[in-house]
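Reviewing the structure listed below.
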Amino acid sequence: MDIQSELKKIGLELKDVEGYTEDMGYFKGEADAVVLARSTEDVVKVMRFANEKGIPVIPWGRGTSVTGAVTAIKGGIIIDMSPMNRIIDFSDEDWIIHVEAGVVLDEINAFLRPRGFFFPPDPASSFMCSIGGATSEGSGGMHCVKYGTMKDWVLATRMVLPDGTTVKVGEPLHKNRVGYDLTHLVIGSEGTLGVITEVWLKVVPIPSYKIKRVLAFFDSEEDIGRTIINLRKNRVQPEIAEYMDLKVLEAVKRSFNIETHGVGALLIDVPEFETEKLSMSLSNPSYVKVAESEEEKEELYKARSYAYLAVKSISKYAMSEDIVVPISKLPNVFKKIRELEENYGMECPIVGHIGDGNLHPIILYDDSNKDKAEAFFRDLCKYVIDEGGSITGEHGVGIQKRELAIRQIEVHNGRTLLELMKGIKSVFDKKGIMNPYKQVV
C-alpha cells in the first residue's frame with residue numbers, strides 16, 4: 001500500500017520525511033509519511049485511517065526530544081503539529097490561557113509578559129519546543145524548583161484518540177474533582193495514548209518583588225551539594241537553582257560573557273529579602289558574582305539555557321542523562337558520576353536543575369566508544385534506582401530508557417503497577433498504534 005497516496009486522497013497535506021529522521025538525542029527512525037496537521041480535523045483523519053490499517057502514528061511537536069520519543073523506529077505516520085500554533089484565548093480574570101499544541105513555549109510567555117503574567121515551566125529548549133510536546137513529556141525547567149513541572153500547570157487537554165474520537169480531558173478550572181484524574185495520565189504519556197491538539201494552562205502574575213541573581217563558584221562538588229542541602233535546612237525557596245560544572249562553563253563561555261572558576265558554579269535566584277539567608281547557605285564558595293543589571297541577569301539565564309547545546313558543540317555526540325535523586329544524596333551522586341567518568345575514561349560534564357535534585361550528566365562520545373557511553377549511562381541509572389531516585393525527571397522515557405524504566409518500576413513499585421500501566425495503554429489504544437515501542441508498555 002502506498003501510504004502517502006492514500007493520505008493525499010483524504011485531503012491531507014504531506015511533507016518530505018527527510019527532516020524527521022532524527023531527534024536531538026541522535027535517535028533515528030524513518031516514517032512512511034509525514035502529515036502537516038493544520039486542525040484537529042486533520043488529526044482525526046489520520047487517526048481513523050491509521051487505526052483502520054493498523055499503521056503506527058507518532059506525534060511530532062518540534063523534534064526536541066533527546067530520548068527517541070518522536071522517532072518512527074518501525075515506520076508509520078508522523079503527525080507534525082507545528083502548524084497548529086494559535087493562542088486561542090486568554091483570561092486575566094481566570095488566569096488561564098488556551099492554546100493549540102504547536103505553539104512554541106516561549107511564544108506563550110512573549111504573549112503573557114506585556115499583560116503582566118507568565119507561564120513558569122521553562123525547559124532549556126523553550127525557545128523551540130512546542131507546548132504539546134512539553135505536555136506529552138511532562139517537561140520541567142529552571143523555574144520548576146519553585147513552581148513545579150508541566151503536571152502542575154496543565155488543567156485540560158483536547159486530544160484525538162487512536163480511533164479518531166476527539167475528547168477533552170480535564171476542565172479549565174482551578175479545582176475539579178469529578179471522575180478519575182485522567183489529565184495527569186495524559187501529561188507525560190509521550191504520545192502513547194493519543195494526539196494532543198489543544199491545551200488549557202494555568203498562568204500567574206509576574207512577581208512584584210525584586211530578584212537577586214547570583215553565580216556562586218566552588219572548589220568542590222561536595223560543597224555544591226551541601227549548599228543545596230543548606231538552602232533546604234534554612235528554609236530558603238529559590239526561584240531557580242541551577243548547576244554548571246567547569247566543563248559546561250567553558251563550553252558556554254564560547255558564546256556568552258560568563259566567568260569560570262573552581263569546579264563549577266550554582267546559578268541561584270532568590271527574592272531580595274532572602275539574600276542574607278542565601279549567603280548563610282553557601283558552603284565555602286570560592287567566588288560569588290552578583291548580577292547587577294537586568295542585562296547581566298538575562299545573560300546568565302540565557303547561558304544556562306543554552307548549556308546543553310554548548311556542550312553538544314564540543315563533542316561529536318552527547319548522551320544526556322536526566323536523573324533525579326533525593327536532595328540529601330546530591331554529594332554522593334556527584335562522587336558516583338566522577339567515579340564512573342574515571343572508570344570508563346570518558347568525559348561527563350554535568351548541568352542540571354540541582355535545586356530539586358534533577359541532574360543532567362552529559363556523556364561525551366564518538367563512533368569508537370558509543371558502547372562504553374551506553375554502559376556508563378546504564379550503570380549510572382542503575383545506581384540512581386538503587387539509591388531511591390528516578391532515571392528521568394523531565395526528559396521522559398522514549399526508547400532510550402525503556403528497559404531501565406521497567407526496572408525502576410519493578411524495584412520501587414512492583415510488577416503489579418507495571419501490569420496496571422499495560423492495562424491503561426490497552427484501554428486507550430486497543431491496536432497498539434500510538435507511538436509504539438516507547439515508554440514502558
Open item on the list: Given Cβ point charges of +1 (Lys, Arg) and -1 (Asp, Glu) and nothing else, what value in debye, to the nearest 20, does the dipole of the chain about its Cα centre take?
Closed with: 920 debye
Open item on the list: As an exercise, identify the trypsin sites (Lys or Arg not before Pro) in region 216-265 lying in DSSP coil whose Cβ has no more than 15 other Cβ atoms within 10 Å.
Closed with: 235, 254
Task: Point-charge dipole on Cβ atoms (K/R +1, D/E -1) for region 3-80, about Cα centre, debye to 20 - done: 180 debye
TODO: Answer rounded, prolate or oblate for region 192-347, using the Cα gyration tensor with square roots of eigenvalues a ≥ b ≥ c: rounded when a/c is under 1.5, else prolate when a/b is larger than b/c, else oblate.
DONE: rounded
- [ ] Per DSSP H run of n ≥ 4, the term is -39500 (n - 2.57); total these for the chain, divide by its residue number, and report the mean residue ellipticity at 222 nm rounded to 500 deg cm²/dmol.
- [x] -9500 deg cm²/dmol
TODO: Can you tell me the 0 to 90 degree angle between the C-alpha axis of helix 40-53 and the longest principal axis of the chain, rounded to 10?
DONE: 70 degrees
TODO: Counting other Cβ atoms within 10 Å, keep those with at most 15, restrict to DSSP loop, and tell me which chymotrypsin sites (Phe, Trp or Tyr not before Pro) in region 136-188 are left.
DONE: 180
TODO: Any of 335/438; 202/425; 146/336; 168/382; 247/289 with alpha carbons more than 29 Å apart? Name them for me.
DONE: 335/438; 168/382
- [ ] Along each of the three principal axes of the Cα atoms of the chain, give the extent in whole Å, ordering the values from largest to smallest.
- [x] 66, 55, 43
Task: Rg over Rh, two decimals, region 81-184 (C-alpha only, Kirkwood Rh) - done: 0.95
Task: Estimated FRET transfer efficiency when R0 is 22 angstrom, pair residue 403-residue 426 (beta carbons, to 0.05) - done: 0.60
Open item on the list: Just want the ordering: 128, 319, from fewest to most Cβ atoms lying within 10 Å of their own Cβ.
Closed with: 128, 319
Open item on the list: Quick one: 3J(HN,Hα) in Hz for region 322-336, Karplus 6.51/-1.76/1.60 with θ = phi - 60°, rounded, Gly and Pro as x.
Closed with: 8, 6, 10, 10, x, 3, 4, 9, 4, x, 5, 5, 4, 4, 5
Task: Longest site-free stretch - the chain; sites: GluC sites (Glu not before Pro), DSSP loop, at most 16 other Cβ within 10 Å - done: 94-258
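Only the coordinates and a few stated rules stand behind these numbers; no lab work does. On a predicted model such as this, the values are computed, not experimentally measured, just so you know. Backbone-built Cβ (ideal geometry, glycine too); neighbour counts: all protein chains shown.
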